[in-house]
1. Taking the alpha-carbon centroid of each part, what is the distance from region 130-184 to region 51-71 in angstrom?
2. Treat every Asp and Glu Cβ in the chain as -1 and every Lys and Arg Cβ as +1, leave all other atoms uncharged, and give the resulting dipole magnitude about the Cα centre to the nearest 20 debye.
3. Would you tally the net charge around N101, using a Cβ to Cβ cut-off of less than 15 Å, leaving N101 out, and scoring K and R as +1, D and E as -1?
4. Past the 19 angstrom mark, what percentage of all C-alpha to C-alpha distances in region 152-203 do you count?
5. Once each part is reduced to its C-alpha centroid, what is the distance from region 208-261 to region 1-22 in angstrom?
6. Over every pair of different alpha-carbon atoms in region 1-93, take the mean of 1/r and invert it; report that Kirkwood radius in Å.
7. Label points 7 Å out from Cα along the Cβ direction at S103 and K158: separation in nm?
8. May I ask you to derive the FRET efficiency for I165 and Y227 from their Cβ-Cβ distance with R0 = 41 Å, giving the value to the nearest 0.05?
Amino acid sequence: MYFKNKTVLITGASRGIGKSIALRLAAEGANIIIAAKSTAEDGRLGGTIFATAKEVEAAGGKALPVFCDIRDEKLIQELMEKSKAAFGGIDILINNASAINLSNTAQLEPKRFDLMFDINVRGTFMVTKYAYPLLKAAVNPHILTLSPPLSLDMKWFKPHLAYTISKFNMSLMSMGWAEEFRIDGIASNTLWPATTIATAAVKNILGGEELVRRSRKPDIVSDAAFYILQKDAKSHSGNSYLDEDVLREAGISDMDSYAITPGGNLQPDLFL
């Protein structure tokens, strides 16, 4: 069990892909720091840091639920202090928290623009900034950011420019950290799903139940993360991984088992 007693900090871990990664690594004995804003149940979204903590412990891991709005620098600093006090530091940082709005330039409200850039860009940067000293002290430390491969194909910019550049900013930062932190032996990579994933965001924002039926389960992303995070940090950094490619490299060929509708048509994710 490679992840036994490894400490993993996951932003946005109360639901969706973040929660799935938390449970996957908890089953391997990891300590999971669940950093998110959800302290009360939202019927439309589901999930809280406390409910996820119970599931993490039931899966075999240790859990530390921490309320953290990554737009707030003070809360991020407190998150790192609590992580160090509970587990002595962190070995892995997963930048999962993200906001999405697919409006075009004319329709996008300024507050929605600010939200995406405060969370996706500034928040991801600040979490990584304050996690860096803890990661630097770890053995085989990894940063894994949930963001897409970089592309200058204008078809991704035209319909939802603000969202696109916010997610590409996350990827640019990840590639930059791969070089900046190479001297410290800290890996920095991105991971992105090849198809849409059945999450609350897909259901509520992108396409409702119909799109959910054409999506895969979050398990495919968490299984991919499981394999990436075991790699040697010094020799596996600066990569933009797709979930199904990682699994195929690991010898897993049955992708149909991840589908919400086995044998059905799948919807390629944005940016692919």
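We did not get these values from a lab; they are worked out from the coordinates using the rules stated. Predicted, not measured: the structure shown is a model, and the values here were computed from it. For neighbour counting, all protein chains shown are included, and Cβ atoms are generated from backbone atoms with ideal geometry for every residue, glycine included.
1. About 24 Å separates the Cα centre of region 130-184 from the one of region 51-71.
2. 280
3. Values: positive: K111, R112, K167; negative: E109, D114, D118.
Summing Lys and Arg as +1 and Asp and Glu as -1 gives 0.
4. The proportion of pairs with Cα distances above 19 Å equals 47 percent.
5. Taking the Cα centre of region 1-22 as reference, the centre of region 208-261 is 15 Å away.
6. 12.8
7. My value for the distance between the label points is 2.2 nm.
8. So, using R0 = 41 Å, E works out to roughly 0.90.
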